[in-house]
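Please treat every number below as a calculation from the coordinates, not as lab data. Small disclaimer: the values here were computed from a predicted structure and weren't measured. Cβ placement follows ideal geometry from the backbone for every residue including glycine, while neighbour counts extend to all protein chains displayed.
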Amino acid sequence: SVLIITKTYIVGGWAWAWWLISDIQRITLEIMTLQPKCDDVETAEGVAITVTGVAQVKVMTENELLGYACEQFLGKSVVEIKSVILQTLEGHLRAILGTLTVEQIYQDRDRFATLVREVASPDVGRMGIEILSFTIKDVYDKVEYLSSLGKTQTAAVQRDADIGVAEAERDAGIREAECKREMMDVKFLADTKMADSKRELEMQKASFNQEVNTKKAEAQLAYELQAAKEQQKICLEEIEIEVVQRKKQITIEEKEIDRTEKELVATVKRPAEAEAYRMQQLAEGQKIKTVLTAQAAADKIRLIGEAEASSIKAVGKAEAEKMRLKAEAYQQYGEAAKTALVLEALPLIASKVAAPLSRTGEIVMLSGDGSRVSGEVNRLLAELPVSVNALTGVDLTKVRVALFSMTRGHLIGHKHPPTLKDSPSCQAVVPCC
């Protein structure tokens, strides 16, 4: 017969087991706490000391290592497993204590614990056990070796402490002075920064106030601009409303005009056209009558004009002949004839000049001592011949000679005697009152 044994490891799960055939055994996988202790173990210097520690171990769950643990510890209780591991750790702890001095063990416990864990791990690992942690709990002796070390260390520490206090006080004084100086520097720097901050704050406030005022002004201008735009829109709307009203009114007026026009056509134009036609016919008849009458009047006027033209022509010829004869006579008379014509015209000129004076009742000219009235009158009378010569071309100084000649009958062929009085002078004297 052949016996077949199959091993199956289940960690934290379940499996089928045949009754009366399968054998089921369990092993704990929880952490186990061990407290190894080595009493009166001599160190490398022969000093007997007692060391206690604390170790945390557990069964490893890898298949191969778990198999090792099952082979070693299946069927044993937790106490038995702890006892086996504890004895292994204590053996390694004793062996390591014999290679170290008391000072190494006491002063560097972490290195001592690490060394124990490194040395014991391979052995307990072959049993499927893993050392999670190992620490030295206590180290003491019965010969007061450690206390002596403590006193020496205490004295050294006290000495170092006193030195440290003195150096600390010295350093404290130096540091205090430095701190005061730094404090003053910091204070001055803080004051400077505060002044700068205050100045920057004031500048920022001024800048903010300027921006605020600018924004307020912009807002006010924007408001006014918007108000103006809205007012302009309102005005445009009112204008549009007025335009619409005007358009409607114009439409109504146009319709009223059309109605009035049609009414006028019916009531005025048609009767007026009829009356105009009647008047046109009457006017045509009147026109024909007027044309015929005008033609007759024109013929009459033409005949009268022709007769008057013939008469005027004959009179003109006679006048021309008369003027020719006068010209021949004047040419014969010469300068005396021209003077005679001037003298004939002088009474007419004098009458025209004196006409306004005929409506004057009296002229009174006042003059006294120093007055220039008489002088002005004499000046006017003296300038009169020159003015007459400039206006008419007749020299009154020569007229005087002609007058004398005419008064003595030297003017030959003159039919009318002179009208002026025989006088040795032609000057008129105006008395001054």
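Grab the eigenvalues of the alpha-carbon gyration tensor for the stretch 142-280, scale each by 5, take roots, and send me the semi-axes largest first in whole angstrom.
Numbers: eigenvalues 2839, 99, 6 Å².
In descending order, the three semi-axes are 119, 22, 6 Å.
Any idea which of S197, V212, L225 is furthest toward the positive side of the dipole for the stretch 176-270, if Lys and Arg beta-carbons carry +1 and Asp and Glu beta-carbons -1?
The residue sitting farthest along the positive end of the dipole is L225.
Work out the FRET efficiency for T114 and L189 from their Cβ-Cβ distance, taking R0 = 41 Å, and round it to the nearest 0.05.
0.20
Return the whole-Å distance between the Cα centroid of the stretch 69-133 and the Cα centroid of the stretch 188-249.
The distance from the Cα centre of the stretch 69-133 to that of the stretch 188-249 comes to 88 Å.
Quick one: length gained pulling E306 to W18 fully straight, 0.36 nm per residue minus the C-alpha distance?
Length gained, E306 through W18: 85.6 nm.
Could you work out how much longer the chain between E176 and A297 gets when fully extended? Use 0.36 nm per residue separation minus the Cα distance between them, nm to one decimal.
28.4 nm
Report ³J(HN,Hα) in whole Hz for each residue of the stretch 91-105, in order, from the Karplus equation J = 6.51 cos²θ - 1.76 cosθ + 1.60 where θ = phi - 60°; Gly and Pro get x.
Couplings: x, 5, 5, 5, 5, 6, 4, x, 9, 10, 8, 5, 4, 5, 5 Hz.
Skipping prolines and chain starts, which residues have an amide H placed within reach, meaning under 5 Å, of the one on K137, given they are 5 or more residues away or on another chain?
Excluding prolines and chain starts, which carry no amide H, the hits are T52, G53, V54.
Mind checking the alpha-carbon convex hull of the stretch 124-183 and giving the volume per residue in Å³?
Output value, Cα hull per residue: 171 Å³.
For K187, give me every one of the lysines with a C-alpha distance below 28 angstrom, ignoring sequence neighbours fewer than eight places off in its own chain.
K198, K205
Modelling each spin label as a point 7 Å along the Cα-to-Cβ direction, I'd like the S147/Q286 distance in nm, to one decimal.
With each label point 7 Å from Cα toward Cβ, the separation is 17.4 nm.
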